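Notes for the one structure printed next.
Derivation of every value follows stated rules applied to the coordinates shown; laboratory data play no part. Since this is a predicted model, take the numbers as computed values, not measurements. Heads up, the Cβs are rebuilt from the backbone with ideal geometry, glycines too, and the neighbour counts pull from every protein chain shown.
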Amino acid sequence: MRPSSPPPASSSDPSIPANEAPSKALGSLVVERRLGRLCASLRFRVPPFAAPSADHHAGLRALGLLDFVRLDLSSPSPRPDLVAELIANYRADGGGWTTVRGDRIEVNPDALGSALRLPGTPCLPPPGRHALVTASAAVTAAAEEFMEVYILAASDDGELPFMVDLDFKSVRIGMARRVDWRMLIWEQVRAEMKRLTGSHDTDMACFYGAYLQRLIWVQREELFRLPPEVFMSDAPPALHPHELSNAPPALRPQELSMTEPFLADAPPELAMLDALPALRPQELSMGDALPEPAALHPEQERGSNRSTPNENQKHCPQSNSNVHKVDATCKKIDMAA
């Protein structure tokens, strides 16, 4: 991944020192592998959500949600590679930002709400005047339809976070005007980015991918003129267990382990057998079938140390006569003494 090079911090963004390079953190090996995994698996849902019924347009207009519903997400062409880089490089600290092709992209509720034309924070009346914010039946029905289409459809098994569930209950009791729709959509987008970042699925369907692409397009339209890039894969092929089964037979661990019991008990002189390619483990194991020599009895062991002449050995009569002469001479010396 090409090192990120966002613009230096200005007085409007004091949280990022000018001498600190965000690319040092974002260009780490972990981020590169995460990016490679997302680029290979991320895909947009087409369409991302089913369009709400036209019968609810009046109620959605009253809530400020009709512009969001009518967004044209067909242009520009889908670029999952750019959205994958946005998700992989996302940083929640410092106000929420990311980098795409080295350019800084703001990713926060305000930036998302502006790009998606979502209404701002609702202006609530003072306590005790709740009747003024009670929605009509048409507005309540439109709000319920919006929640069903854009919130519940993207939730895992229909489980909602506490704040989302609270907003859903507010809509049902006729308090749809009190819901902060911008923050509601933001929480859903942020939760999906977190889920995709930690996922290792080979097929990642992204509900809000087209909306994140629009966020990039609004801030950096020129990025869509660049061709897609190829990023590092999630892990080296040699680290995958299934790759070991394709190795040559001599390199397989299960075959190498067959020689360990034999070589462990073998003398050092036999260590050279491990380097002979012609001797396979099953051939070396044949040595285990050789019978051990029988133990010798003590008297047989003593007799085995005596030398016995064979037929090729001959006695020397001259040497025997010399021995007798030496013995006779020694006797004469003793008698004289």
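A few comments on the model shown:
- For M204, distant residues with modelled amide H under 5 Å away: L42, R43
- Modelled FRET efficiency - R0 41 Å, E148 with L29, Cβ distances, 0.05 increments: 0.45
- Dipole magnitude for the stretch 71-110: computed about the Cα centre from +1 point charges on Lys and Arg Cβ and -1 point charges on Asp and Glu Cβ, it is near 120 debye.
- Ranked by the mean number of other Cβ atoms within 10 Å of their residues, highest first, the peptides 212-224, 191-203 fall in the order 212-224, 191-203.
- Each residue, A191 and K169, gets one label point 7 Å from its Cα in the Cβ direction; the gap between the two is 1.6 nm.
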